[in-house]
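Below is one structure, written out as structure tokens, with a few remarks after it.
The values are calculated or read from the model by the stated rules, or taken from the named source; none is laboratory data. In this text, all values refer to a predicted model and were calculated from it rather than measured experimentally. Every residue, glycine as well, gets a Cβ built from its backbone with ideal geometry; the counts of neighbours run over all protein chains shown. Heads up: the accessible areas ignore ligands, DNA and RNA and are worked out on the full protein's heavy atoms, side chains in. Shrake-Rupley method; radii C 1.70, N 1.55, O 1.52, S 1.80 Å.
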Amino acid sequence: VIAGLVFFPFLNFIGIFVVFALGADDVFVAVDKWKNARHELPHGTTEQVAALALPDAAYAMLLTSTTTAAAFFATAICPVGPIVCFAVFCGLLITFDYLMNIFLVFPALCLYDKWILKGSKNKCINFDWCCQNTASDDSNATDIESSTRPSTPAVTNENIDLTESDIRHNELEAEKRTLIHRFLDAYYNILHKFRWFVLGVVIAATTVCAVFAAQLTLPVSSEVAILPDSNPYQMHRSWSENLLSNVLAKGEGSETLIIWGLTPADTGDHLNPDSWTTLVLDESFDPRSESSQNYLI
């Protein structure tokens with residue numbers, strides 16, 4: 001029981017997808033801030049990188065989580081029970097998602113960075129094993145370039161600042177691209193290479209879909225037919241709908257009950273469908289008077 005809510009509607013399961021999307025965004029923000037801090041401090045310790053990246057990431061995630069959770073909690077003013085439960089449930093999910101990112105993702109990033117600095121060869125941590133060929137090709141190209149490059153003049157005090165900036169630029173360029181960047185580059189190259197073929201496929205698929213959509217017939221009734229008309233179950237259903245009893249049952253009109261001496265009220269818990277109301281008597285109702293007897297007759 002959370003916040004006094006004992007009812008868990010099926011609508012709450014949609015909140016799982018909401019928190020998955022927001023949690024993935026928070027993890028991306030934390031990892032991206034960490035990578036940027038590591039680029040700024042290439043020789044810094046894990047503690048220094050964490051002191052630079054984590055406060056900024058926590059503040060960015062706090063803004064998105066707070067605004068989203070506040071929007072869900074504000075929906076709790078709705079008098080409909082399932083919507084109130086859904087709003088409170090999603091608001092709590094987002095709140096605990098932020099706390100889990102702070103207490104789980106941030107320590108995981110610190111451990112990952114420490115393992116990388118120690119030169120861990122675990123394939124689940126270090127992904128250099130999947131790009132060894134690329135690294136060897138880059139090193140060979142660097143050796144050839146260095147052998148053919150003319151000797152550079154000695155560094156003097158006048159150009160020391162320019163040399164340091166060049167060294168910093170070369171260090172950043174020498175860093176390996178992340179796995180997601182390699183995937184995106186490969187995807188772009190393939191898509192750009194076959195762009196005209198992809199365009200032709202999209203145009204052909206759109207034309208085929210438009211032709212088939214134009215051939216669809218409109219429904220003749222509002223009844224939902226899952227099975228084809230030739231199916232025995234569908235044939236039986238169509239036959240039973242034409243029976244006189246079903247026609248009369250679906251006819252216009254409704255039953256009305258008039259109960260004297262009661263006041264329309266719902267005294268049960270609106271957030272718990274198992275809580276029933278109690279009868280509220282109308283104290284002003286008096287059937288013993290002559291006018292009431294004549295009215296009832």
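Only one residue in 57, 76 is in a helix (DSSP H, G or I) and farther than 29 Å from residue 268 by Cβ. Which one?
Working: 76 fails: farther than 29 Å from residue 268 by Cβ.
Only one candidate passes the filter, namely 57.
Yes/no per residue for (1) in contact with a strand residue (DSSP E or B) (Cβ under 7 Å, 6 or more places away or on another chain); (2) at positive phi; (3) surrounded by 10 or more Cβ atoms within 10 Å (Cβ to Cβ):
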position	(1), (2), (3)
237	no, no, yes
261	yes, yes, yes
267	no, no, yes
270	no, no, yes
276	no, no, yes
280	yes, no, yes
291	no, no, no
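Just need a number here: residues in region 239-256 that are among the polar types (S, T, N, Q) and either in contact (Cβ under 8 Å) with a residue 12 or more places away in the chain or open to solvent by less than 100 Å² (accessible area, probe 1.4 Å) (or both).
Here is the first cut: in region 239-256, the ones among the polar types (S, T, N, Q) are 240, 242, 245-246, 254, 256.
With the extra rule that they be either in contact (Cβ under 8 Å) with a residue 12 or more places away in the chain or open to solvent by less than 100 Å² (accessible area, probe 1.4 Å) (or both), the set shrinks to 240, 245-246.
Qualifying residue count, region 239-256: 3.
Looking at region 202-231, which of its residues are of a type in the set (S, T, N, Q) and open to solvent by 100 Å² or more (accessible area, probe 1.4 Å)? Walk me through how you get there before you give the answer.
Step one: of region 202-231, the residues of a type in the set (S, T, N, Q) are 206-207, 215, 217, 221-222, 230-231.
Result: 215, 217, 222.
Go through (1) closer than 19 Å to residue 106 by Cβ; (2) open to solvent by less than 80 Å² (accessible area, probe 1.4 Å); (3) over 21 Å from the mean Cα position of the chain (by Cα) one by one and return the number of the condition residue 40 breaks.
It is condition (2) that residue 40 fails.
Determine if region 106-122 includes at least one residue that is assigned to a helix (DSSP H, G or I), modelled with pLDDT under 70, open to solvent by 80 Å² or more (accessible area, probe 1.4 Å) and over 30 Å from residue 268 (Cβ atoms).
no
Mind listing just one residue for me: the one in region 55-77 that is touching a helix residue (DSSP H, G or I) at 6+ places or on another chain (Cβ under 6 Å) and open to solvent by 30 Å² or more (accessible area, probe 1.4 Å) and, of those, farthest from residue 9 (Cα to Cα)?
56
Of everything in region 8-28, what is open to solvent by less than 30 Å² (accessible area, probe 1.4 Å) and of a type in the set (A, V, I, L, M)? Give them in sequence order. Before the answer, list the steps.
Here is the first cut: in region 8-28, the ones open to solvent by less than 30 Å² (accessible area, probe 1.4 Å) are 9, 12, 15, 19, 22-23, 26.
Within region 8-28, 19, 22 meet the criteria.
Kindly check whether there is at least one residue in region 223-239 that is basic (Lys, Arg) and modelled with pLDDT of 75 or more. Walk me through it before giving the result.
Initial filter on region 223-239 (basic (Lys, Arg)): 237.
Checking the rest, the ones that are also modelled with pLDDT of 75 or more come to 237.
The answer is yes; a qualifying residue exists.
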